[in-house]
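Heads up: the structure comes next, in structure tokens.
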Amino acid sequence: MYIEKINSPRDIKSLNIQQLEVLADEIRSGLMNRLSKRGGHLGPNFGFVEATIALHYVFDSPKDKFVFDVSHQCYTHKMLTGRSNAFFSDEHFGDVSGYTDPGESEHDFFNVGHTSTSVSLACGLAKGRDLKGEQGNIIAVIGDGSLSGGEALEGLDFAAELKSNFIIVVNDNDMSIAENHGGLYRNLKELRSSDGKCPCNLFRAMGLDYTYVSCGNDIARLIEAFRKVKDTDHPTVVHINTLKGKGFEPAETHKEEWHWHMPFDPASGADIFTGSGENYGDMTCDFLMKKMKADRSVVTMVAAVPVCIGFTEDKRKEAGSQFVDVGIAEEHAVAMASGIAKAGGKPVFATHSSFFQRTYDQILQDLCINSNPATLLVNTASVYGMHDITHLGIYDIPMMSNIPNLVYLAPTNCEEYFAMLDWSIEQSRYPVAIRMPCNGVIHTDVPVDTDYSDINRYKITQSGSKIAIIALGDFYQRGEELAKLTAEKTGTAPTLINPRYITGIDEELLEQLKADHSIVITIEDGILNGGFGEKIARFYGADSMRVYNYGLKKEFLDRYDAEDVLKENHLTPHQILDDIL
């Protein structure tokens, strides 16, 4: 195998085209070995094999620097830069992450996992090179789906200002995670159908030179195109048309399903692990579909991740114009939701916690200053959410709970979640965010409130004395277990409280606790700094009440085991009780 002899990009430069094509097949076998067993981004990596080979064949990494947008298509790059063991040897799977990582190789320049960033990051590398009077090519790789993000357009707009070597490879496979949305994709379609010759050209309009390659999986054609732009003295775009999922028929046919996939049988494509039972994605979709059918003013919004709340292609078609996918444009989504609410509509915008980080300004400025009643569904906001360093969902509470006018709710079970969602959609006073449960679908037969208009009112679910446990959202069940252990160990039942509201404190209830409690424990599924528990500690700051805050320390975690992290942060009920005793 050629791949066995590839320890650096230099090793492929002596191969001829036929040998490079064999290498591409070998690389796909490595991709299949890892992805079928471990899961990951299949479609982006299978579709970008030939382009990565051609890039490394023409350019000289790491002197020439590659910046991959999202970097979920970097597996071939990793194989060609000395990391092929992580794909062919199962015991080395853990050696590399699913994204570029400077800690792994000198050929990686950024930890990247969010989209629309590569052009801006690469602009910085190019500017730094020019300031220092150095040489070398700077190459940003960006997919067509990522172009809908505002930062990508900002980067493209600035790129012409560099007036020096800067190459942008636009990997156009006519797909985002799902289908693309937005007017610029009409122009990409025109460019593809005209072989890059149509008079309307987004990239030329930005002041960039432009080259089109119709066969983006043809190594020879790609090498020819990249040689023409190597060492140029001005910014240029190389627009290549690739096939997402190329080389694996199920991924070529069902591109959305195979963008990211759980482990599967490589022969049939069948899932190895099949989920069973209820999940919040499907249930949220069903709930919103009923709402939209009953009320034409209800609209569901996503930003390129429709399946995060269960909206598969058939559900999207069924919802029609009441379903809006804005593409990778979360900032636009929040501002648009504010506008819809102002116009009398009932918008619900859902995305992942780590993607809401991009919308802080819009939540504060466009939504909350105007107090427009839009609903934000914050998904995977938990230590149990996504585990990659770039996709951590544990920073939402400090970010969102301190925005004035926003009501941020933390349901503790399925019934409470849907009661809060129903109230949020129908009320007209507050912008509301809801932290979607992430610890499994937990049901209760205890009636839940249906009206949350009297904001910041906590709920006592077990009356006791001496110790009060305030357990937020996903960690409420952890609080229940702690309450049981405390009663068994001390002989006195503690008070257990479901705070429900993340954005404020129930001063009346907290004041009442002073009468017969000496200890308050807060437990939250997020970082402590700036979080929920600190609000409680601040309230009792001048009193004799002892307050113990339990949550996660402020740090970047990567590919972690949730139970290990909980133990390290003393978040098991036994550890908390031992601390108190």
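Each value in this text was obtained by applying a stated rule to the coordinates, not by laboratory testing. Note that the coordinates shown come from a computational prediction; the quantities given were computed from them, not determined experimentally. No Cβ is skipped: glycine too gets one built from the backbone with ideal geometry, and neighbour counts run over all protein chains shown.
Could you calculate the FRET efficiency of Glu21 with Met262 from 1/(1 + (r/R0)^6), where r is the beta carbon distance between them and R0 is 35 Å, rounded to 0.05? Could the numbers behind the result be given before it?
On the way: r = 30 Å, r/R0 = 0.86.
Once the sixth-power term is evaluated, E becomes 0.70.
Could you sort 44-52, 372-380 so that the peptide with the highest average Cβ count within 10 Å comes first and the rest follow in order?
Details: 44-52: 26.9, 372-380: 25.3.
By packing density, highest mean first, the sequence is 44-52, 372-380.
Length available on full extension from Thr492 to Glu313: 0.36 nm per residue minus the Cα-Cα distance, which gives 59.1 nm.
How many angstrom separate the Cα center of the stretch 227-253 from the Cα center of the stretch 543-570? Using only Cα atoms to place each centre, the spacing works out to 44 Å.
Note on Arg221, Arg204: ascending count of other Cβ atoms within 10 Å places them as Arg204, Arg221, the fewest first.
Compute, for the stretch 204-258, the length of the dipole vector about the Cα centre, with Cβ point charges of +1 (Lys, Arg) and -1 (Asp, Glu) only. Units Debye, rounded to 20.
Numbers: 8 positive and 9 negative charges, 33 e Å.
Computed charge dipole of the stretch 204-258: roughly 160 debye.
Projecting label points 7 angstrom from Cα along Cα→Cβ for Asp361 and Met283 puts them 3.7 nm apart. Per the Debye formula on identical point scatterers at the alpha carbon atoms of the stretch 187-247, with no solvent, log10 I(q)/I(0) at q = 0.28 Å⁻¹ is -1.22.
Regarding the stretch 1-151, what is the average projected area of its C-alpha convex hull, in nm²? Intermediate values should be presented prior to the final figure.
On the way: hull surface 35.4 nm².
Convex hull of Cα atoms, orientation-averaged projection: 8.9 nm².
Give the peptides 361-370, 144-153 in descending order of average Cβ contacts within 10 Å, highest first. Please report the intermediate quantities before stating the final value.
Numbers: 361-370: 18.7, 144-153: 23.2.
Order by mean packing, descending: 144-153, 361-370.
Give me the angle, in degrees from 0 to 90, between the Cα long axis of helix 330-342 and the longest principal axis of the Cα atoms of the chain, rounded to the nearest 10. For 330-342 against the chain, the angle is about 50 degrees. Neighbour counts of C-beta atoms inside 10 Å place His239, His181 in the sequence His181, His239, starting with the fewest. What is the distance in Å between the Cα centroid of the stretch 41-62 and that of the stretch 373-448? Cα centres, the stretch 41-62 to the stretch 373-448: 39 Å. Here's the list of lysines a cross-link from Lys553 could span, going by alpha-carbon distance under 24 Å and ignoring same-chain residues fewer than 8 apart: Lys535, Lys567.
Relative to the longest principal axis of the Cα atoms of the chain, the long axis of helix 476-490 lies at roughly 40 degrees.
Potential lengthening of the chain between Asn33 and Asp561 amounts to 187.8 nm, from the contour at 0.36 nm per residue minus the alpha-carbon distance. Projected area of the chain, taken from the Cα convex hull and averaged over every viewing direction, in nm²? In nm², the orientation-averaged hull projection of the chain is 28.3. Evaluated with a Cβ-only charge set (Lys, Arg +1; Asp, Glu -1), the chain carries a dipole of roughly 980 debye about its Cα centre, given to the nearest 20. Reported to the nearest whole Å, the Cα centre-to-centre distance from the stretch 301-350 to the stretch 105-142 is 33. Each Cα pair of the stretch 459-580 feeds into the Kirkwood radius, which the Stokes-Einstein equation turns, at 37 °C and 0.692 mPa s, into a diffusion coefficient of 226 µm²/s.
Going through the cross-link list Lys63/Lys228; Lys290/Lys346; Lys189/Lys230; Lys189/Lys228; Lys37/Lys315, which pairs have a Cα-Cα distance over 22 Å in this structure? Too far apart for the 22 Å limit: Lys189/Lys230; Lys189/Lys228; Lys37/Lys315.
Which value, in debye to the nearest 20, gives the size of the charge dipole of the stretch 280-435 about its Cα centre, when Lys and Arg are +1 and Asp and Glu are -1 at the Cβ? Write out the running numbers ahead of the final one.
Numbers: 12 positive and 17 negative charges, 79 e Å.
I would put it at about 380 debye.
In the stretch 280-435, the alpha-carbon atoms span a convex hull of 101 Å³ per residue.
What the Cα convex hull of the stretch 2-253 gives, in volume per residue, is 114 Å³. Once the Cα-Cα distance is subtracted from the 0.36 nm per residue extended length, the Leu485 to Ser544 segment shows a gain of 18.8 nm. With the Kirkwood sum run over all distinct C-alpha pairs, the stretch 33-79 has a hydrodynamic radius of 11.4 Å.
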